[in-house]
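Quick notes on the structure that follows.
The values are calculated or read from the model by the stated rules, or taken from the named source; none is laboratory data. Keep in mind that what you see is a predicted model, and the values were worked out from it rather than measured. Every residue, glycine among them, receives a Cβ derived from its backbone with ideal geometry; neighbour counts consider all protein chains shown.
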Amino acid sequence: MSTPGLSLMTMILRDSEEADAINAQGVYGLTGPSPAEHLPGFKDLGASAVPYLLSVLDGEREGYWAARGLEVIGPGAKAASKPLEARVPERPRLAGTLFCVDPERALELGLHEKATTRSELLETARGLAAAPFSRLVHAMLRSNDPAVVKDALREGSSGQSCLQLARQHPELLPWPLLRDLARGENARGACAVLSVRQDPGDALLVLAQGVDFEGALEWLAPLPGSERLAAELQPWNVCELLRRRRCAGLTTDPAVAKGAVRRALDDARSGGEALLVRLIRELGDDTLLATLPDCLGTYYVWERNEADDPVLLLLGMKGAAGLAALDAGIARSTGKHQQHLTLLRAQLARWKRPTWTTVEAGDARYLEGHLELGTGPRATTFDDSALASYAAALLFDPRCAHAALQLARIDRGFGTPITPERLAWLRSLGVRDEALLSELATPVPPVQGERFRPCGSSQLAPAIAKRAEAAGLPSVAANCLHGEKAEIARLRAAAQQQLDAARDAVTTGS
């Protein structure tokens, strides 16, 4: 059975009188079948529909749908190229239609260089497949006009965009050109695209430009010079910046986090204690420890979650200093505030180091393939990733080489280059396996996508599994596979071998 559009257009093309009759019935007006219902049929009719569509292209009502029909036919309507070209100066809306039927001619005419037609090209091309849209992007990125380049890099409200191409079709983008643009006037937009791919070779370039850090925090934070990110970040992510720098052997001047601490102190008095204690923990600034009890007036720890509680973790790991700070707070408080702190004191007295903060817990999570939670405004969400365990293990033992090695392995797999400074830090912790250090220093194509669930849809999982294994993260690859027991077992065995190598790298050097 033919489609409504096909049967209708067959009638229109067969007899012009019938076309007039159909128009009179409201096909192109406000009554009768919707014109949008006819568009699928244009694709089947192809070039045979072009003469009629051109004949009504200048109509007050019919013209819009005729242009839409030509766009649906696409290159099959190339015979309409010259008539469209002649109309574009007076009717810029047809620039998008011309691009659909004859992209080469549209670009030769430089329609992307003119403000009046560029928006039409982009609006129409965003609805096309990735390949034809990328042709327009390439032409605009090569423009000598910064405004044209900026429009090419701008995220669209719907349809295709340069950022979407980077996520789904990176092979269609001119990466060398984008790197050049990242050094110029359109650095912000170019860096945003480079940050999607997170190639290790682009990290230092993006960091040097100082733009678009929220979306690239995990990638850039472990690098020397990343403290400059703090000015662009929300307080929660400033805390994450500090954590990832510490896990890469980098120290941070407390002044860098001054604004975040001030905001956390204000928020702590209205239930935002978690952010404040994490900042104190990551800064290692014990002068803030004395003020903490004053910010815990409404704080309450559910007993079943004591092992996950950030306040208990901070005070417990500080040992006698944490206990003394709490006792001093109790002594100067009164009423309900004092009652809350006294309850916290009783919980602290029975506190023991949580098992999740150990290297062994990090290894277990690494084998499960749960490497990262990612960043975001999660001030009350417990981080149950391998990275969290290794990071906590370094808090209790800043010279824990095994945790430091595994953190470097995770960073490398997600596109962060392992710098000479970081290698020197690993050696200072007692790592003597130069072959392993050389492996970590060698860049690999990184795993892309959400770090806490990089496999995404089942359709993409096999490709991501292959990429994850190539990135040196076999446990992530194993998580992407379903039902392939032998292959999953092989990948998990490879992850266990990595853990064994990390232990041997430390024990043989001790």
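Those helices (runs of 4 or more DSSP H) of region 77-129 in which 1 or more residues are farther than 17 Å from G156 by Cβ and touching an Asp or Glu at 6+ places or on another chain (Cβ under 6 Å) occupy 81-87, 94-101. Checked against the criterion of being over 19 Å from P132 (Cα atoms), part of a loop (DSSP other than H, G, I, E, B) and not assigned by TED's automatic domain parsing to the domain that holds L460, region 175-182 contains one or more residues that satisfy it. Go through the residues of region 442-463 one by one and say whether even a single one is at pLDDT 90 or above, among the small types (G, A, S) and surrounded by 15 or more Cβ atoms within 10 Å (Cβ to Cβ). Among the residues of region 442-463, not one is at pLDDT 90 or above, among the small types (G, A, S) and surrounded by 15 or more Cβ atoms within 10 Å (Cβ to Cβ), which makes the answer no. Looking only at region 249-265, filter to residues that are among the small types (G, A, S) and surrounded by fewer than 23 Cβ atoms within 10 Å (Cβ to Cβ); which one of those is nearest to L207 (Cα to Cα)? Across region 249-265, the extreme among qualifying residues is G249.
Of all the residues in region 165-195, those that are under 20 Å from R126 (Cβ atoms) and either of a type in the set (D, E) or at pLDDT 90 or above (or both) number 14. Identify, please: which residue in region 471-510 is of a type in the set (V, I, T) and under 28 Å from L460 (Cα atoms) and is, among those, surrounded by the fewest Cβ atoms within 10 Å (Cβ to Cβ)? In this case the residue turns out to be I488. For region 219-278, the candidate set comprises residues that are within 19 Å of the chain's Cα centre (by Cα) and of a type in the set (G, A, S); within that set, the residue that is farthest from T419 (Cα to Cα) is A230. Counting only helices (runs of 4 or more DSSP H) wholly contained in region 243-340, the ones carrying 1 or more residues that are at pLDDT below 90, not assigned by TED's automatic domain parsing to the domain that holds S385 and not small (G, A, S) occupy 258-268, 273-283, 310-317. Does region 219-233 include one or more residues that are in contact (Cβ under 8 Å) with a residue 40 or more places away in the chain and part of a helix (DSSP H, G or I)? Within region 219-233, one or more residues are in contact (Cβ under 8 Å) with a residue 40 or more places away in the chain and part of a helix (DSSP H, G or I).
Going through region 415-431 one residue at a time, which ones are under 30 Å from the mean Cα position of the chain (by Cα) and among the β-branched types (V, I, T)? Can you show your working first?
First, the residues of region 415-431 that are under 30 Å from the mean Cα position of the chain (by Cα): 415-426.
The answer is T416, I418, T419.
With respect to the conditions (1) modelled with pLDDT under 90; (2) part of a helix (DSSP H, G or I); (3) among the polar types (S, T, N, Q), Q498 lacks only one, and its number is (1).
Look at region 41-67: where a residue is on the phi > 0 side of the Ramachandran plot, no partner that is basic (K, R) and at pLDDT 85 or above sits 6+ places away or on another chain with Cβ atoms under 6 Å. Kindly state which helices (runs of 4 or more DSSP H) lie completely within region 343-433 and contain at least 2 residues that are within 21 Å of R467 (Cα to Cα) and touching a residue at least 60 places away in the same chain (Cβ under 8 Å). Hits in region 343-433: 359-368, 401-413.
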